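Here's the structure we're looking at; comments come further down.
The values are calculated or read from the model by the stated rules, or taken from the named source; none is laboratory data. Just so it is clear, the structure is predicted and the values come from calculations on it, not from any experiment. All Cβ positions, glycine included, derive from the backbone under ideal geometry; neighbour counts span all protein chains shown.
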Amino acid sequence: MIKTHIKLGLFGIVACILIVFSSCNSIESESSAPIIFEYGICVDTFKVVKGQVEAGQTLGAILYLNHINHGKIDQIVRASKGIFDFRKAKAGKNYTVICSNDSIQKAKYFIYETSSTDYVVFDIRDTIKVYTGQKEIEVRLKESSGKIESSLWNALVNNNMSPALVMELSGIYAWTIDFFRIQKGDYFKIIYEERYVEDEFIGIGRVYAALFNHANEDFYAFYFEEQENYGDYFDDEGGALRKAFLRAPLNYSRISSSYSKRRKHPVTGRVKAHLGTDYAAPTGTPILSTANGTVTHARYKRNNGNYVKIRHNSTYTTQYLHMSKIKSGIRPGVYVKQGDVIGYVGSTGLATGPHVCYRFWKNGRQVDPYKQKLPPSKPVKEENRADFNILKDSLMNVLVGIPADF
């Protein structure tokens, strides 16, 4: 349900959220009979055929079936250069053929949907024209809450929320809450966007505010733009949630083995120190750099398997072991940013199953990253503090009013 009554303060968030980005207009003729548009094209005098690309089928084959000869298909492919690559058409994607409404039913327009929102129009009537478009996107503002009984995933699903919010919340709180150790009884409230095309849910939009109660402590997050089109999340005192290091090198997984001075190795059986944290995850899961830095190692070593090591500054260094593969372009000397993908989960080297072993150095000594007091990022600038407080107070009032019938 769209919450039209909420006022979120300074930046008119709700007003912006409820704008519908139209790609076509509804027009009526003098006789009041509606004129039907699809993809911005009046289709009243045409026959409309819809389908999906089949496995092994090309767009050229579809056009040929709709009475477009090979010479014309070649012209269409050439006209598409720089706009759409015919070779990248995928099975399962939707297409629409707008044909002449006669006995021949020759294609006049061909539309290929590259995603649930975006499409390419091939106007093949006379002079060939190729252009892209976007369907009407409806943005709905949502308020929700949930309580952890077993997992964050289940809490979202049980309260009719998209599981995609797992990634959103774990990303927002990646620096402040250890999502691998959330507890039964933790709860959350959230204000966010859901996006729809033709009344079909297509994904989560912006999260504007959240409250996550973890271990009986409230953690707030408020989205605030200090400059146009660029914002971040801050707590209720204006402190940045983003820290110098992510809490983990994976978006969402589980700790399979913690940092320990004495651990029985699952392969060798020897008891020795395990100076890293293992995160179990499916093979191929992206591994993220936990902070900005320069790659010093990116290679294979017998026990480490494929691994990457990153120097962040004169104090901190991190290492990521047992990758199935190192991402293309990651090599010594390359600068990476926090959250960049550097490789993919695997079980190369001395490993019993797919995971990443995350190691953390401080002043040249391996330490437990979860026992370190890591440096914070910058808070809201003083010149923006008054604006932030107005927005925060408005969002806080909305969060307080969200029912939490646990």
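Is it true that some residue in region 200-210 is surrounded by fewer than 17 Cβ atoms within 10 Å (Cβ to Cβ) and modelled with pLDDT under 85?
Checking region 200-210: not a single residue is surrounded by fewer than 17 Cβ atoms within 10 Å (Cβ to Cβ) and modelled with pLDDT under 85.
Which numbered condition in (1) under 17 Å from the mean Cα position of the chain (by Cα); (2) in a strand (DSSP E or B) is the only one that LEU246 fails?
All conditions are met except number (2).
Kindly establish whether HIS274 is within 23 Å of TRP361 (Cβ to Cβ), modelled with pLDDT of 90 or more, in contact with a strand residue (DSSP E or B) (Cβ under 6 Å, 6 or more places away or on another chain) and surrounded by 13 or more Cβ atoms within 10 Å (Cβ to Cβ).
no
Search region 216-236 for residues being outside any strand (DSSP E or B) and surrounded by 11 or more Cβ atoms within 10 Å (Cβ to Cβ), and hand back the single one that is farthest from the chain's Cα centre (by Cα).
Here the residue is ASP236.
Of the residues THR348, THR315, which is closer than 22 Å to GLY284 by Cα and in contact with a strand residue (DSSP E or B) (Cβ under 9 Å, 6 or more places away or on another chain)?
THR348 is the lone residue from the list that is closer than 22 Å to GLY284 by Cα and in contact with a strand residue (DSSP E or B) (Cβ under 9 Å, 6 or more places away or on another chain).
Is it the case that region 30-37 has a residue that's within 17 Å of VAL120 (Cα to Cα), modelled with pLDDT under 95 and not assigned by TED's automatic domain parsing to the domain that holds TYR196?
yes
For the list (1) at pLDDT 90 or above; (2) in contact with a strand residue (DSSP E or B) (Cβ under 8 Å, 6 or more places away or on another chain); (3) within 23 Å of TYR192 (Cα to Cα), I need the number of the one condition that ASN389 fails.
With respect to (1) at pLDDT 90 or above; (2) in contact with a strand residue (DSSP E or B) (Cβ under 8 Å, 6 or more places away or on another chain); (3) within 23 Å of TYR192 (Cα to Cα), ASN389 is out only on (2).
Looking for something more than 27 Å from VAL197 (Cα to Cα) and either free of Cβ contacts under 8 Å to residues at least 40 places away in the same chain or assigned to a strand (DSSP E or B) (or both) - is there at least one such residue anywhere in region 35-47?
no
In region 198-217, which residues are touching a strand residue (DSSP E or B) at 6+ places or on another chain (Cβ under 6 Å) and within 18 Å of VAL400 (Cβ to Cβ)?
Answer for region 198-217, where residues must be touching a strand residue (DSSP E or B) at 6+ places or on another chain (Cβ under 6 Å) and within 18 Å of VAL400 (Cβ to Cβ): VAL207, TYR208, ALA209, ALA210, LEU211, PHE212, ASN213.
Hey, among GLY333, GLY329, GLY364, GLY343, which residue is surrounded by 19 or more Cβ atoms within 10 Å (Cβ to Cβ) and free of Cβ contacts under 8 Å to residues at least 60 places away in the same chain?
Matching residue, one of GLY333, GLY329, GLY364, GLY343: GLY343.
Kindly state which strands (runs of 3 or more DSSP E) lie completely within region 110-204 and contain at least 1 residues that are within 30 Å of GLY60 (Cα to Cα).
The qualifying strands (runs of 3 or more DSSP E) are 118-123, 129-134, 187-197.
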